[in-house]
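Asks: One structure, as structure tokens, below. Some questions next.
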Amino acid sequence: MTGKEFSQLLPEIEHFINSGDERSIILNDICKLLKNKVDHYDWVGIYILDELNSRLVLESYFGKPTEHTVIPVGKGVCGQVAENKKLKIVQDVTQEGNYIACSVDVQSEIVVPILKGEKFMAEIDIDSHAASPFTTDDEAFLTSVCRMVSVLF
Ligand code: SME
């Protein structure tokens, strides 16, 4: 998928955000769009920070159900991003020491923080069944998506 093809999805996402629907519906729509439109996105979810309990809670997803609906901050790739507030790509999950396996089919993962100013609010988590599929185009696209989604928080 090229940068141009990725950028063609942004107006659709903007449309969801401006729909006036409640946040969980908008986030569901975004997960579904990303999973359906990008070949190497096999599971797309959005975890929200539960600051009081220092954990992430799965708000919306599209793909197979996961048992990892609650993840402590610091644990797994998702928990690391909640702690460091930095996008993380794992091109080969077998090489990641701090990883929570969801399905044997998953080979790689990208997690992108949703920030409100400097504050970590939530994150988009994407699993792929492909090896090393993520490029700087994924990074740029998903960073834009997260910036757009941040208005909902
Ligand atoms: N693999 C993630 C856990 C969430 S699942 O991918 C849905 C992690 O290591 O944090």
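Asks: I'm checking my understanding of the structure. Among residues of the range 6-21 that are surrounded by fewer than 13 Cβ atoms within 10 Å (Cβ to Cβ) and among the polar types (S, T, N, Q), which one is nearest to LYS37 (Cα to Cα)?
Replies: My answer is GLN8.
Asks: Any residue at all in the range 22-44 that is of a type in the set (Val, Ile, Thr), at pLDDT 95 or above and open to solvent by 60 Å² or more (accessible area, probe 1.4 Å)? Give the steps one after another, and end with the answer.
Replies: To start, the set of residues in the range 22-44 that are of a type in the set (Val, Ile, Thr) comprises 25-26, 30, 38, 44.
Subset that is at pLDDT 95 or above: 25-26, 30, 38, 44.
Those left that are additionally open to solvent by 60 Å² or more (accessible area, probe 1.4 Å): 25.
Scanning the range 22-44, I find at least one residue that is of a type in the set (Val, Ile, Thr), at pLDDT 95 or above and open to solvent by 60 Å² or more (accessible area, probe 1.4 Å), so the answer is yes.
Asks: Here is a further query. Checking VAL111 against (1) in a strand (DSSP E or B); (2) over 17 Å from SER60 (Cα atoms), which single condition isn't satisfied?
Replies: Condition (2) is where VAL111 drops out.
Asks: If you take the residues of the range 98-133 that are free of Cβ contacts under 8 Å to residues at least 60 places away in the same chain and either on the phi > 0 side of the Ramachandran plot or of a type in the set (Phe, Trp, Tyr) (or both), which of them is nearest to the ligand (Cβ to nearest atom)?
Replies: Within the range 98-133, the match that is nearest to the ligand (Cβ to nearest atom) is TYR99.
Asks: Something else: Which ones in the range 49-81 are within 15 Å of the chain's Cα centre (by Cα) and β-branched (Val, Ile, Thr)?
Replies: VAL57, THR66, THR69, VAL70, ILE71, VAL77, VAL81
Asks: Exactly one condition in (1) of a type outside the set (Gly, Ala, Ser); (2) open to solvent by 20 Å² or more (accessible area, probe 1.4 Å); (3) more than 22 Å from ASP50 (Cα to Cα) is false for TYR99; which is it?
Replies: The failed condition is (3).
Asks: Would you confirm, using the coordinates I've provided, whether ILE89 is free of Cβ contacts under 8 Å to residues at least 60 places away in the same chain and open to solvent by 30 Å² or more (accessible area, probe 1.4 Å)?
Replies: On the way: free of Cβ contacts under 8 Å to residues at least 60 places away in the same chain: yes; open to solvent by 30 Å² or more (accessible area, probe 1.4 Å): yes.
So ILE89 fits the description; yes.
Asks: Pull up the range 114-137, narrow it to residues that are part of a strand (DSSP E or B) and not hydrophobic (A, V, I, L, M, F, W, C), then point me to the one that is nearest to TYR47 (Cα to Cα).
Replies: GLU123
Asks: Suppose we filter VAL77, VAL104, VAL70, VAL57 for residues that are buried (at least 18 other Cβ atoms within 10 Å of the Cβ) and among the hydrophobic types (A, V, I, L, M, F, W, C); which single one remains? Steps first, answer last, please.
Replies: Numbers: VAL104 fails: buried (at least 18 other Cβ atoms within 10 Å of the Cβ); VAL70 fails: buried (at least 18 other Cβ atoms within 10 Å of the Cβ); VAL57 fails: buried (at least 18 other Cβ atoms within 10 Å of the Cβ).
Exactly one residue qualifies, and that residue is VAL77.
The values are calculated or read from the model by the stated rules, or taken from the named source; none is laboratory data. The model shown is predicted, which means the values in this text are computed figures rather than measured ones. No Cβ is skipped: glycine too gets one built from the backbone with ideal geometry, and neighbour counts run over all protein chains shown. Quick note on the areas: whole protein, heavy atoms, side chains included, nothing else; ligands and nucleic acids left out. Shrake-Rupley method; radii C 1.70, N 1.55, O 1.52, S 1.80 Å.
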